[in-house]
Amino acid sequence: MTTKRKKPTSKSTKIKNKSPKSKSPKQWNYIKILKRSLIALCFLGVIAVPVIAYVQKSEIEHDLSVLGNGTPTVVQIHDPNCPMCQQLKSNLGKVKGEFKDDIQFKTANIKTKKGRRFATKYNVPHVTLLFFDKQGKRVNTLQGVSTPDAIKSGLNSLKE
């Protein structure tokens, strides 16, 4: 008579062997999402820094409240879609480096409510440079696409 032998059963053989380092599919999915999120944040950071710097520079460039603060100021009445305004801005850029320590340079963008009000207040169209003394009094106006030499002459008169 043969008897069948039963294999010994122990709890250790019935439990699947899971090492503490193995991760469930749910955990792997979470890790993938986390990695992608970190990559996206880094990417956004690379884009956001120059954008923030541009916005801050733009706010400073368009701050017209500085008129009469003790420093002469030149304000360009500007339309960003106007080729003549772009040429005037370029010509001003060629000479303003020589005067940046003595004169403030600002822009009144007529596409904004604030810029339109400023241009209306001084009754001037776009493609115009307005020169203000230290007290904020308008002392000179150049209308149209002025040459770098004409602009430089106006800037020199502000320094005196």
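The values are calculated or read from the model by the stated rules, or taken from the named source; none is laboratory data. All figures in this text were calculated on a predicted structure; none of them were measured in a lab. Reconstructed Cβ throughout: ideal geometry from the backbone, glycine too, with neighbour counts over all protein chains shown.
Restricting attention to segment 118-145, the residues that are assigned to a loop (DSSP other than H, G, I, E, B) and of a type in the set (A, V, I, L, M) total 3.
Could you list, in sequence order, the residues of segment 88-113 that are over 27 Å from Glu160 (Cβ atoms) and surrounded by fewer than 14 Cβ atoms within 10 Å (Cβ to Cβ)? Explain how you work it out, then say what you get.
Residues of segment 88-113 that are over 27 Å from Glu160 (Cβ atoms), as a first pass: 109-113.
The answer is Lys111, Thr112, Lys113.
Residue count for segment 58-81, restricted to those that are at pLDDT 85 or above, in contact with a helix residue (DSSP H, G or I) (Cβ under 9 Å, 6 or more places away or on another chain), closer than 20 Å to Lys111 by Cβ and outside any strand (DSSP E or B): 3. Can you report the number of residues in segment 134-151 which are in contact (Cβ under 8 Å) with a residue 24 or more places away in the chain and crowded, with 18+ Cβ neighbours inside 10 Å? Adding up the residues that qualify gives 2. Against the test of being in a helix (DSSP H, G or I), at pLDDT below 65 and aliphatic (A, V, I, L, M), the options Ile39, Ile52, Ile31 yield a single qualifying residue, Ile52. Determine, yes or no, whether Asn91 is more than 19 Å from Lys137 (Cα to Cα) and without any contact (Cβ under 8 Å) to a residue 60 or more places away in the chain. It is false that Asn91 is more than 19 Å from Lys137 (Cα to Cα) and without any contact (Cβ under 8 Å) to a residue 60 or more places away in the chain.
For segment 97-112, which residues satisfy the criterion of being in contact with a helix residue (DSSP H, G or I) (Cβ under 7 Å, 6 or more places away or on another chain), touching a residue at least 40 places away in the same chain (Cβ under 8 Å) and of a type outside the set (A, V, I, L, M, F, W, C)? Once the filter is applied, which keeps residues that are in contact with a helix residue (DSSP H, G or I) (Cβ under 7 Å, 6 or more places away or on another chain), touching a residue at least 40 places away in the same chain (Cβ under 8 Å) and of a type outside the set (A, V, I, L, M, F, W, C), segment 97-112 yields Asp102, Lys106, Thr107, Asn109.
Could you please let me know if Thr128 is in contact (Cβ under 8 Å) with a residue 24 or more places away in the chain, surrounded by 12 or more Cβ atoms within 10 Å (Cβ to Cβ) and closer than 22 Å to Lys159 by Cα? Yes; evaluated as a whole, the condition is true for this residue.
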